[in-house]
Amino acid sequence: MTTTPRSLTRRALLQQSVAAGAAFVVGSGYVAGSSAAWAMEVQHLQPETMATLIQMARDIYPHDHVGDEFYAAAVKGYDSADAAPGIEAGVAALNAAAVGAGHASYLAAGWERDRVDILRGMENSPFFQMVRGGLVTGLYNQKAVWPLFGYEGESFSKGGYIDRGFDDISWL
Amino acid sequence: MAAPFDLNDDSVVVVIGTGAGGGVLSNELAQKGVSVVALEAGGRYLPQDYINDEWESFGQLAWLDPRTTSGDWRVAKDFSGLPAWIVKAVGGTTTHWAGASLRFQDHEWKARTNYGEVQGANLLDWPIDGAEMAPWYEKAEAKLGVTRTGDRAGLPGNNNFKVFEAGAKALGYEQVHTGRMAINSSDYDERPSCQQVGFCFQGCKFGAKWSAAYTDIPRGEATGNLEVREKAHVARIVHDASGKVTGVEYFDADGNLQMQKARIVCVAGNSFESPRLLLNSASSMFPDGLANSSGQVGRNYMRHMTGSVYAVFDKPVKMWRGTTMAGIIQDESRHDPSRGFVGGYELETLSLGLPFMAAFLDPGAWGREFTTALDMYENMAGMWIVGEDMPQETNRVTLNHDVKDQYGLSVANVHFDDHPNDIAMRNHAYKQGMAVYDAVGATRTFPTPPYPSTHNLGTNRMSENARDGVVNKWGQTHDIANLFISDGSQFTTGAAENPTLTIVALAIRQADHIAREMSAGNL
Ligand SMILES: Cc1cc2nc3c(=O)[nH]c(=O)nc-3n(C[C@H](O)[C@H](O)[C@H](O)COP(=O)(O)OP(=O)(O)OC[C@H]3O[C@@H](n4cnc5c(N)ncnc54)[C@H](O)[C@@H]3O)c2cc1C
Ligand code: SF4
């Protein structure tokens, strides 16, 4: 999961950061939410690249009740020596497409609609398909996400639902 | 002699695969005093080992050796390396299965006669019928403890069923109930009753659901007549100059090639691996593969006409609570060509957890149309469609010589195109399924495409005449007297019903036949 870089207090973090789009701030070796409610260290990717990737993840599978930190966790695995070059190239292509559409960068496109248009234009690229495919498990298989959808996960340890509402529907 | 058996012991029956077909056959033979060596590619997992987490369990149990796909089915695009969702483990796919246990309807045994000529379909009558199978079905139902058969009560309905039932009744359907399930509604056969855990697909941790893994297999082993060798992957069936099979070559748990001699070989590796094995066993005497004089090995692959319907309501359902599939509407299972297709289909309740729902609701989809559906996961109800699909000669398992598995063996390529009858039936079922939910106030419905196949049938089909199929009415290959097929690949046609009860009934019947023929000295 995401952690605040230990050396930084929330205030110090905000002071040392620059905005990356509306939702994120970045600094040397980290990305954080604009409110600094969460932060994530990055070692191999440019912090702006990771911020872009997190926004892209949300734009692919937007759930307004799911915080950015879960999207960050879903794409954190791309911050590796092996994956980084491909991701940097993919995000560069994404930004180039954004520039082509009249935005300063992908993150600078303020409306989701505009960003989704950019994504639609690269929907069949291996980069998009890799990120989308990875999110199917990266996002929805996070146990911490499940309660946000009401999903209760395993029940064996609690003896199943036989005495806990398997047939408790009341509105029919 | 008692188990374990020597590799050179040529008096044993070798059974390949220990699922619904092979697991039951092995036990039934052992109970009759026949010496059996069962070779199973997968490892052994028991209720305490099952993991109630969809992806983790998939990693534990699923068959993940490479396969390839072709054809117009959407699975070939969305899951190109995973044509089927089946198990590699002692007990086979009976660890995953949901337990729906239905007999064929009488007319379904004679599809060619009753449906007539269907263009592009390779329909054929089974050489057996409902009357022949009735006593074997009864034994199978008793073995599996099927609810609503014998004096076994039905399961209670969960939330998902209640929505389904209310919609079905509002629509005027009459044959609606919690299914005939191989899941105990009360203690039965030393297994407890269902605790409504809701992970039936991941292996029942209470053992309330029947699985060969913890019933037939240990019971067979307890006789001393059955040896199960796990992590034993059969590579080839070998034969002598007279054309009789004499044993099998397999890779053991350490990857070493071994040769087990045999008096009889029974193949039960599920409908991809069984034909693959026959084809990979080609020799100078049988250049097209074993038992393939008809050219039908691998052909007529059927997967049932399937699909799902999910619906969202304005209030919670929590469909994941309780049994995964205990609910059925049978009104559409009749043969009634006025609907625009031959054969029929069943509608059965189904729920997936959030992780699988994300993967399977609309594979490849993204954006708000998709995510607003998942946002309502708690308010979702779901059903699965299972209907008779048309056997087609060109829907087939072949060897893909360009792709090898970890043992260097050519893998199975699975080619499938929907038949127009399949498409017409699926569209009808989508319409009816959505109407069921609309009738109880669904705010949105989703006609969901088929998943990787769970029912795999027909690739070594049963036929009266040797030219039309691979095995006779006992599952014995037409070409080689001591080579049998013992799994779902024997199916001549698929019928509308989930197949496992029929696979089990055929295995019990086959064991009886083999034991009789052995003692008569005919085998
Ligand atoms: C999620 C799910 C739900 C299902 N629900 C139902 C249901 O409700 N009702 C129903 O009727 N059916 C259901 N099914 C289908 C049912 O599980 C299968 O029809 C049945 O198990 C098939 O039996 P089988 O003997 O043909 O093959 P399997 O049970 O798949 O057994 C084949 C075995 O052979 C082994 N094997 C393969 N090749 C080799 C080799 N070369 N060497 C050694 N071993 C080998 C495999 O590892 C496997 O263990 C479901 C299936 C799935 C996946
Ligand atoms: S719901 Fe019942 S059958 Fe299914 S896994 Fe749980 S206890 Fe077993």
*Take the alpha carbon atoms of segment B:424-453, find their center, do the same for segment B:352-395, and report the distance between the two centers in whole angstrom.*
10 Å
*State, to one decimal in nm, how far the label point of residue B:516 lies from the label point of residue B:238, with both points 7 Å from Cα in the Cβ direction.*
3.4 nm
*Could you work out how far the C-alpha centroid of segment B:251-277 sits from that of segment B:298-345, in angstrom?*
34 Å
_Can you give me the long-range amide H partners of residue B:492? Hydrogens built in the peptide plane at 1.01 Å from N, cutoff under 5 Å, separation of 5 or more residues or another chain._
B:462
*Pairs of Cα atoms farther than 30 Å apart, chain B, %*: 44 percent
*Taking every pair of Cα atoms in segment B:251-410, average 1/r, invert it to obtain the Kirkwood radius, and report Rg/Rh to two decimals.*
1.10
*Distance from segment B:72-127 to segment A:60-134 (C-alpha centre basis), Å*: 41 Å
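Determine by what factor the alpha-carbon radius of gyration of segment B:357-473 differs from 2.2 N^0.38 Å, reporting the quotient.
Values: Rg = 19.3 Å, N = 117, 2.2 N^0.38 = 13.4 Å.
Dividing the Cα Rg of segment B:357-473 by 2.2 N^0.38 Å gives 1.44.
Using 0.36 nm per residue of separation minus the Cα-Cα distance, give me the extension gain between residue B:117 and residue B:132 in nm, one decimal. Before the final figure, lay out the partial values.
Numbers: separation 15, 0.36 × 15 = 5.40 nm, distance 2.49 nm.
Between residue B:117 and residue B:132, full extension yields an extra 2.9 nm.
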*asked:* Multiplying the sequence separation of residue B:153 and residue B:481 by 0.36 nm and subtracting their Cα-Cα distance, what value in nm do you get?
replied: 113.9 nm
*Given segment B:1-89 reduced to its alpha-carbon atoms as identical point scatterers, what log10 I(q)/I(0) does the Debye formula return at q = 0.11, 0.23, 0.25 Å⁻¹?*
-0.47, -1.11, -1.20
*asked:* How large is the translational diffusion coefficient of the protein assembly as shown in µm² per second when you combine the Kirkwood radius over alpha carbon pairs with Stokes-Einstein at 37 °C and 0.692 mPa s?
replied: 123 µm²/s
*Which of B:241, B:98, B:367 sits farthest toward the positive end of the charge dipole of the protein assembly as shown, with +1 on the Cβ of Lys and Arg and -1 on the Cβ of Asp and Glu?*
B:367
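For the protein assembly as shown, what is the charge dipole size about the Cα centre, in debye to the nearest 20, if Lys and Arg each add +1 at the Cβ and Asp and Glu each add -1 at the Cβ?
Details: 57 positive and 80 negative charges, 107 e Å.
Roughly 520 debye, rounded to the nearest 20.
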_Debye, to nearest 20: dipole size of chain B, +1 on Lys, Arg Cβ, -1 on Asp, Glu Cβ_ = 340 debye
*Of A:142, A:77, A:94, whose Cα points farthest to the positive end of the dipole of segment A:46-158 (charges on the beta-carbon: +1 Lys, Arg; -1 Asp, Glu; origin at the Cα centre)?*
A:142
*If you line up the long axis of helix A:112-121 against the longest principal axis of chain A, both from Cα atoms, how many degrees apart are they, to the nearest 10?*
80 degrees
_With a cap of 13 neighbouring Cβ atoms within 10 Å, and only residues DSSP puts in a loop, list the trypsin sites (Lys or Arg not before Pro) found in segment B:407-484._
B:467
*Hey, can you grab everything whose amide H is under 5 Å from the amide H of residue B:247? Only 5+ residues off in sequence or another chain; H modelled, so Pro and N-termini drop out.*
B:238, B:262
_Quick one: the Cα spread of segment A:46-158 along its three principal axes, in angstroms, biggest first?_
55, 32, 25
*Taking R0 as 45 Å, what's the FRET efficiency between residue A:22 and residue B:80 from their Cβ-Cβ distance, rounded to 0.05?*
0.70
*asked:* Within segment B:311-335, name every residue whose backbone N is under 19 Å away from a label modeled 7 Å from Cα of residue B:372 along the Cβ vector.
replied: B:311-316
*For residue B:15, which sequence-distant residues (separation of 5 or more, or a different chain) have an amide H within less than 5 Å of its own amide H, given hydrogens modelled in the peptide plane?*
B:37, B:38, B:39, B:266
*Can you sort A:14, B:506, B:361 so the residue with the fewest Cβ neighbours within 10 Å comes first?*
A:14, B:361, B:506
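Which ordering of B:485, B:508 is given by a fewest-first count of other beta-carbon atoms within 10 Å?
Fewest to most other Cβ atoms nearby, the residues stand as B:508, B:485.
Expressed as a fraction of 2.2 N^0.38 Å, the rule-of-thumb size for a compact globular protein of N residues, what is the C-alpha radius of gyration of segment B:227-336? All intermediate terms of the calculation are to be shown ahead of the outcome.
Numbers: Rg = 21.8 Å, N = 110, 2.2 N^0.38 = 13.1 Å.
For segment B:227-336, the normalised Cα radius of gyration is 1.66.
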*Shape call for segment B:71-174 from the C-alpha gyration tensor, a ≥ b ≥ c root eigenvalues: rounded (a/c under 1.5), prolate (a/b greater than b/c) or oblate?*
rounded
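Values quoted throughout were computed directly from the atomic coordinates according to the rules given, and no laboratory measurement underlies them. Small disclaimer: the values here were computed from a predicted structure and weren't measured. All Cβ positions, glycine included, derive from the backbone under ideal geometry; neighbour counts span all protein chains shown.
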